[in-house]
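In what follows, a single structure is set out as C-alpha cells and then discussed.
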Amino acid sequence: MNGEGHGIHSPFVFDLVKNVLNDKRDFYAFDAIERVRQELKHDHSIIQVHDLGAGSAVSKSNQRSISEIAKHALKSKKLAQLLFRLVNYYQPSTVIELGTSLGITTAYLASANGSGQVFTIEGSPAIAQVAKKNFNELNLYNAELIIGGFDAILPDLLSKIKTVDFAFVDGNHRLEPTLRYFEWLMKYAHSGSILVFDDIHWSAEMETAWKKIQSHPDVTYTVDLFFIGLVFLNKDFKVKQDFRIRY
C-alpha cells in the first residue's frame, strides 16, 4: 500500500496518512535541530562510548568521534521529523524514548509538544553529556535524560510517571529485550497510547518481535512503514487490523 491513503478503509489510518505521513510542512523547530545535526557531523572530538545494545557484540567500550556517531547512529531526518509529526498531531503528554544517542530525535519529540514531557534513557554517559549540551543549545526544558541501562531504569521510571502516552523504542535490536520493554510499557499504556518500534525488519529477531507485538490482544492497529512500526491501542477500534504503508 502506498502513502496516498487509497484503499484504506479505516478512517483512523486514512487520517494518519493524510495528516501525518503526507504532511510535508517544514515546522518551526526543524531548521534549528538540523543545524545541530550538521554541527555534530563536523565535531571530531573523541569520546568513550559504552554501548549496551545489540551493537555491542565486539566491545562494551570503545573510542569514537562525535562525527562518526552522528553519521552512523543518528536517526534520519525523515524518521525524526515523522516522530515530530506524530507527537505534534496526537499531542501525547508523556513521552518515553529508549535510546537518546546524541539527542537529535529527542529534540524533535520534545519540540513537538512544549507542554508535554519527554523522558529519554541513554546507556553511555559520554554520549548523554553531548545530548544534554544539545538540549541546552536548543533551549529544550521538557526533556529529562536519564543515564543507565534500559533494564535498570525503565521499571522505576514507569512506576514514577504512571502512564505512557507515546513511546519510541530504539537502542536494543534483540528479540527478548524488545518484547520485555514492550510488556513493561503496556502495563502503563492506555487506550490512545502510541508505541513506535524502530528497525522492525533489521533482523530475524526483530521480525519475530514485531509479529509477537502485532498479535498482542490489547494491540488494535499496527502500521508497518517498512522501517518502523506504529502500534495503536485505541479500544474504540472494533476490528484488529495490521497495515503496511510504504513511506
- Task: Show me 215-223, 84-92 ranked by packing, highest mean number of other Cβ atoms within 10 Å first.
- Result: 84-92, 215-223
- Query: What is the helix-to-structure angle for 77-90, meaning the angle in degrees between its Cα long axis and the longest Cα principal axis of the chain, kept from 0 to 90 and rounded to the nearest 10?
  - Reply: 50 degrees
- With unit charges on the beta carbon (Lys/Arg positive, Asp/Glu negative), name the residue among 208, 225, 191 whose Cα is farthest towards the positive pole of the charge dipole of region 180-246. 191
- Stretched fully, the stretch from residue 211 through residue 137 gains (0.36 nm per residue minus C-alpha distance, one decimal, in nm) 22.7 nm
- Query: How would you classify region 40-198 from its alpha-carbon gyration tensor, with a ≥ b ≥ c the square roots of the eigenvalues: rounded for a/c under 1.5, else prolate if a/b is greater than b/c, otherwise oblate?
  - Reply: oblate
- So, in nm, how far is label residue 162 from label residue 28 when the simple model puts each one 7 Å beyond its Cα toward the Cβ? 3.0 nm
- What aspartates and glutamates could a cross-link reach from residue 18, if we take a straight Cα to Cα line under 13 Å and drop same-chain neighbours fewer than 8 places away? 4
- When only C-alpha pairs under 8 Å and at least 6 residues apart count, what is the relative contact order of the chain, in percent? 15 percent
- Task: Can you put 208, 94 in order of Cβ neighbours within 10 angstrom, beginning with the fewest?
- Result: 208, 94
- What's the extension gain from residue 144 to residue 115 if we count 0.36 nm per residue and subtract their Cα-Cα distance? 9.1 nm
- Roughly how many Å is it from the Cα centre of region 157-191 to that of region 106-138, as a whole number? 18 Å
- Query: Got a sec? How would 10, 115, 76 order by Cβ neighbour count within 10 Å, fewest to most?
  - Reply: 115, 76, 10
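Where a number appears in this text, it was derived from the coordinates with a stated rule and is not lab data. The model shown is predicted, which means the values in this text are computed figures rather than measured ones. Every residue, glycine among them, receives a Cβ derived from its backbone with ideal geometry; neighbour counts consider all protein chains shown.
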